[in-house]
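What follows is one structure encoded as structure tokens, with my remarks underneath.
The values are calculated or read from the model by the stated rules, or taken from the named source; none is laboratory data. Just so it is clear, the structure is predicted and the values come from calculations on it, not from any experiment. All Cβ positions, even for glycine, are placed from backbone atoms using ideal geometry, and neighbour counts span all protein chains on display. Calculation scope for accessible area: heavy atoms of the full protein, side chains included, ligands and nucleic acids excluded. Shrake-Rupley method; radii C 1.70, N 1.55, O 1.52, S 1.80 Å.
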Amino acid sequence: MSSESLDQSIEAIALVDHHVHGASGNDLSRAEFEELITESDRPVPGWMSQFDSQIGFAILRHCAPVLGLDPHAPPDAYMARRAELGAAEVNRRLLTASGIGHFLVETGYRGDEILGTAGMAEVTGRPAEEVVRLEAVAEQVVSEGVSAAGFAARFAELLWKRSRTARGLKTIVAYRHGLDLDPSPPTPAEVTAAAGRWLRAIEETATVRVDDPVLLRHLIWTGIERGLPLQFHIGYGDPDVDLHRSDPLLLRGLIERAEPSGVPLLLLHCYPFHRNAGYLAQVYPNVYFDVGLGVNYTGARSVAVVAESLELAPFAKILFSSDAWGPAELHHLGALLWRRAMTRVLGGFVAGGEWSPAQAVRVATMIGEDNARRVYRLGDDA
Amino acid sequence: MSSESLDQSIEAIALVDHHVHGASGNDLSRAEFEELITESDRPVPGWMSQFDSQIGFAILRHCAPVLGLDPHAPPDAYMARRAELGAAEVNRRLLTASGIGHFLVETGYRGDEILGTAGMAEVTGRPAEEVVRLEAVAEQVVSEGVSAAGFAARFAELLWKRSRTARGLKTIVAYRHGLDLDPSPPTPAEVTAAAGRWLRAIEETATVRVDDPVLLRHLIWTGIERGLPLQFHIGYGDPDVDLHRSDPLLLRGLIERAEPSGVPLLLLHCYPFHRNAGYLAQVYPNVYFDVGLGVNYTGARSVAVVAESLELAPFAKILFSSDAWGPAELHHLGALLWRRAMTRVLGGFVAGGEWSPAQAVRVATMIGEDNARRVYRLGDDA
Amino acid sequence: MSSESLDQSIEAIALVDHHVHGASGNDLSRAEFEELITESDRPVPGWMSQFDSQIGFAILRHCAPVLGLDPHAPPDAYMARRAELGAAEVNRRLLTASGIGHFLVETGYRGDEILGTAGMAEVTGRPAEEVVRLEAVAEQVVSEGVSAAGFAARFAELLWKRSRTARGLKTIVAYRHGLDLDPSPPTPAEVTAAAGRWLRAIEETATVRVDDPVLLRHLIWTGIERGLPLQFHIGYGDPDVDLHRSDPLLLRGLIERAEPSGVPLLLLHCYPFHRNAGYLAQVYPNVYFDVGLGVNYTGARSVAVVAESLELAPFAKILFSSDAWGPAELHHLGALLWRRAMTRVLGGFVAGGEWSPAQAVRVATMIGEDNARRVYRLGDDA
């Protein structure tokens, strides 16, 4: 097998993007666009441009041609062309060219600003199914009105209802507390007391945001009881996360307690702790991981990140995701940079005489598609 | 010097494997074999194979030819050939082809299931000397019957006896507590009190396992008093280790307190904290480290791990080990992957004009053989 | 653009070394020299040489030709030639050949043993401006005599005076406490109480060393009030640092509290936490970082360290420094290894079709020169 044929085989994988959000349906100004191609939630300072970054260069290199421009187009030309085509056409081009064959869409973050599962399926012509964010369900419960004593029952009821056709659940406990939390499920009395504290805080602050560790633990354990694969935000993200408390090694106690349930735990992103995630995926049968998000934001360096993800973990435990949110460039690059990195890394193993070409294609297909199909039972009735 | 000649020079090094366990003397079923080529202690799930991993691919690539098969043999063919040859012949072929010239065998883990030092010497025709595990000695002391007040004296007596001809000692405090322990030696009264607690716990649980931090500290400080080089399990290992508490940086206090003793402290494995270990090896004269175990389990990626181990540490402070336990494939690959990684990394430095070929050969020989000979005084009477 | 032309463009950058110390004005014995090419503060053991390290090999490879020897000269020949030329000529050759165009000299560490800003400017013919170490100013205040109640006012007064023409401030809180400190400014009463404790300790110990966390916080917050860019020692350094408490992620609280001040916070060195620093530089507008020091001490491996620094951070947030102190080899290599690493890493991006040559040159110039000129307002009146 030549290196072109490995390239072609990897190009042909109908990726399952097992953790993604909707594309933005609106036209975006340059300022808006720049704020969406960084995990920073701060305004971009006047003395810099987010285009001067790995992801910015990757957009100008790889997305510009999809919009009909030369590679390495200047940012202004890129934005002008984007505006000229309009959001719908930009999305259509970038999403279909990504070759993503199946989307598992996490809908819990600012879902009103982006396409939902139906919108994603419509633009791409590919299946899009839902992943439900536990914290968003809890916040919906209290927003609709509930007593402290009624919280647990009402949360379970809404979670089962919201996830009836979902493929997975997601928790952002890393954002709301940190991964260094007591791994045990709280007692019903503790949950009621914590719900009471939360309801009082909402009255005082007029803000609905679940961050009490007792409640977060309750959400997670109820999610495990629900039985769908459970995704964890790990590592890198916006500054709302305390990265020091987002090392997946902190989940050891929870992983061990959840092991008898048989629920797959999927560690998302993981940068810069992806080697730690690979360790957990080797030693615990219920742990999986991906390096989505980090692949996009490291651009030309994503080859190294993907390479580091291919160390300890058995190949059946690694998945692909883009974690794109908003600009369809992120969905496109998530797939493109992953394919490019896998081609270079696995192609290097083959060229060095370490792997056979057939092994390389098989592993790329496992990670790109097969593992997700098995874990999420895609194709089975939801 | 051509790249072939660097290759040949590194191939010719009579490695000192300064931390290794015995090879398995028994034939192994595929299930047994798969459970021994991972650090997981869980059964292998039915939907996956441990052969689908870096180490699995490395076995099929590099060990199959030693058994007379083509590289990249299918797992079933590999296991059939292994059974056909029998464990004794498999061990003979893989161990002698490794080119390991001297084994320092740590005997404290399930020693009855594998070859001991005499068995290893017999199969390989090379010297095999012992490294004694402190925790195993302590557990032997209480298994043979001792009072709380008599524990310290009896432990010292047995340690001196057991290590009479040993080359080094080893502690698995990382497994039994974590490296975040009080660095000071406990007082005799504290040791007696802790021994009493332990003896009562043994009566209650019928399990002999030392994990009290006071006792573990006592074992370590008695080991330092014994004066032999002291190995520490660091980082990656089976799920009994809490990897979050296995960063070698946590040993700083102990390293500084042990410094006046002149006892060499050898940090084993270290993945994924091997850069931290390199830092400690640079700044503390009594600290050494290796990247054994991680080299095996990262397979085609071990080049990167070895490269990262060649950063801060002076070259006199880095050693080679395989940390193999059980299948002789692990001993074989430990040596083969290390040679291959060193050839590629040092060859890259030479090709880039940074190192001279003579420097490359000298450093490979220091790490592969000379440093261990100096630290463990090999060749001197034990 | 050919790879030679990228090489030439990077070679031509008039680097701003935004964190450096003076070169040693004295001739150095081999023992003295070896103790200055490691971060260890221990004597070099007799069984090893610091020349057997990445930095040692880099000196013999790259500095020997500047002194008129062949590359890979033996250490003894190197030291003999160094002595023959004399310190002044060695400094002149190595410093001018470095191509560093502007020095920001941190003067707070053993400043009497090395050249000051004037000396550096004189030897190099290039501007050298000062960075003032907060802790050194505080220690000067108490050495000159002050009451506990008068400490805060006197510290502010001396800091403003000492930094009148300085370009930046520096804190070594990582050495004196660790980065895990309360991020809030202490109250005046707390400062007075802590100053009293310190003054009593000085009387008792006859040692002037500020390490009280209340005082360290006060120094930092006074430094932020002063308004100059503030450098933080991060990560790797001599064994006086507890590396486990030097992860820049521990600064999150302080970074967020300092954000409204608009004061640039510059994370120095960062190895092995440089990816964490890159994360902070992406999400917080006030955070910058470099990988100085680590580049020197990883020698042939510095390509990898520089590559890892080019992941998450926008290119406007990365700077160049050598952190050299003492032997002019460190200044020379800081520049040479950085240029070499940038050429290889960015050249690799260009060769792989990911970046345009013009992007590569622009980013190298931003990191090597432009970012520092903007952050420190070089060229403006101090």
Point to revise | the range B:178-274: C-alpha pair distances exceeding 15 Å, % | key: 65 percent
Exercise for review: Any chance you could give the angle, 0 to 90 degrees and rounded to 10, that helix A:188-205 forms with the longest Cα principal axis of chain A?
Suggested key: 70 degrees
**Study point:** Close Lys-Lys pairs in the protein assembly as shown, where close means Cα under 27 Å and separation is 8 or more or interchain
**Key:** 6
Exercise for review: Let me know the shape class of the range A:331-380, please: from the alpha-carbon gyration tensor, a ≥ b ≥ c as square roots of the eigenvalues, rounded when a/c is under 1.5, otherwise prolate if a/b is greater than b/c, or oblate.
Suggested key: oblate
Check your understanding: Quick one: label points 7 angstrom along Cα→Cβ at A:R42, distances to the other copies in nm, smallest first?
Key -> 4.1, 4.1
**Study point:** Nearest beta-carbon to the A/C symmetry axis - residue in chain A, distance in Å
**Key:** A:A304, 5
Check your understanding: Taking accessible area as the heavy-atom solvent-accessible surface of the protein chains with a 1.4 Å probe, which residues of the range A:246-277 lose no less than 20 Å² upon going from the isolated chain to the full protein assembly?
Key -> A:L249, A:L250, A:R252, A:E259, A:Y271, A:P272, A:R275, A:N276
Check your understanding: Cα axis of helix A:328-351 to longest principal axis of chain A: angle in degrees, 0 to 90, nearest 10?
Key -> 70 degrees
Exercise for review: List the accessible area buried at the contact between C and A, summed over both sides and calculated with a 1.4 Å probe, in Å² to the nearest 100.
Suggested key: 3100 Å²
Study note, to complete from the structure: Length gained, B:A358-B:A12, 0.36 nm per residue minus C-alpha separation, equals 123.1 nm
Review point. Tell me, what is the per residue accessible area of the range C:28-85 in Å², probe radius 1.4 Å?
Key: 39 Å²
Practice item. Give me a single rounded figure for A:233-245: the average over its residues of other chain Cβ atoms within 10 Å of their Cβ. Key: 4
Check your understanding: Shielding of C:304-317 by partners, i.e. mean partner chain Cβ atoms within 10 Å per residue?
Key -> 6
Exercise for review: Please name the residues of the range A:4-53 whose accessible area, counted over protein heavy atoms with a 1.4 angstrom probe, falls by no less than 50 Å² between the chain alone and the full protein assembly.
Suggested key: A:R42, A:W47, A:D52
Exercise for review: Pull out a ≥ b ≥ c, the square roots of the eigenvalues of the alpha-carbon gyration tensor of the range C:287-382, then state rounded if a/c is under 1.5, prolate if not and a/b is larger than b/c, and oblate in the remaining case.
Suggested key: oblate
Review point. Label-point separation (nm) for A:T165 and A:D70, each offset 7 Å from Cα along Cα-to-Cβ?
Key: 4.8 nm
Practice item. On a 0 to 90° scale, report how tilted helix B:213-226 is relative to the longest principal axis of chain B, with both axes built from alpha carbons and the result rounded to the nearest 10. Key: 70 degrees
Study note, to complete from the structure: Checking the range B:137-168 for trypsin sites (Lys or Arg not before Pro) in a loop per DSSP with at most 16 other beta-carbon atoms within 10 Å yields B:R164
Revision key, fill the gap. Per its Cα gyration tensor (rounded if a/c is under 1.5, else prolate when a/b beats b/c, else oblate), the protein assembly as shown is best filed as rounded
Review point. Considering only the label points, 7 Å along Cα→Cβ from Cα, what distances in nm to one decimal separate C:A358 from the same position in each other copy, shortest first?
Key: 4.9, 4.9
Check your understanding: Taking a probe of 1.4 Å, how large is the accessible area per residue of the range C:188-298, in Å²?
Key -> 29 Å²
Exercise for review: Go through the range A:48-120 and name the trypsin sites (Lys or Arg not before Pro) that are in a DSSP coil and have 14 or fewer other Cβ atoms within 10 Å of their Cβ.
Suggested key: A:R110
Review point. When the accessible area of the protein assembly as shown is split by element with a 1.4 Å probe, what percent falls to carbon and sulfur?
Key: 50 percent
Review point. Over the range B:28-85, what is the mean sequence separation of C-alpha contacts under 8 Å (at least six apart), divided by residue count, expressed as relative contact order in percent?
Key: 25 percent
Check your understanding: How well do other chains shield peptide C:282-294, expressed as the mean number of their Cβ atoms within 10 Å of each residue Cβ?
Key -> 3
Review point. Which distances, in nm and shortest first, link the C:S29 label point to the same label point in every other copy, taking 7 Å along Cα→Cβ?
Key: 6.9, 6.9
Review point. Using 18 Å as the cut-off for backbone N distance, which residues of the range C:250-294 belong to the label zone defined by a point 7 Å from the Cα of C:D238 along Cα→Cβ?
Key: C:269-270, C:293-294
Point to revise | Pairwise FRET efficiency - A:D380 versus A:S184, Cβ, R0 = 30 Å, nearest 0.05 | key: 0.40
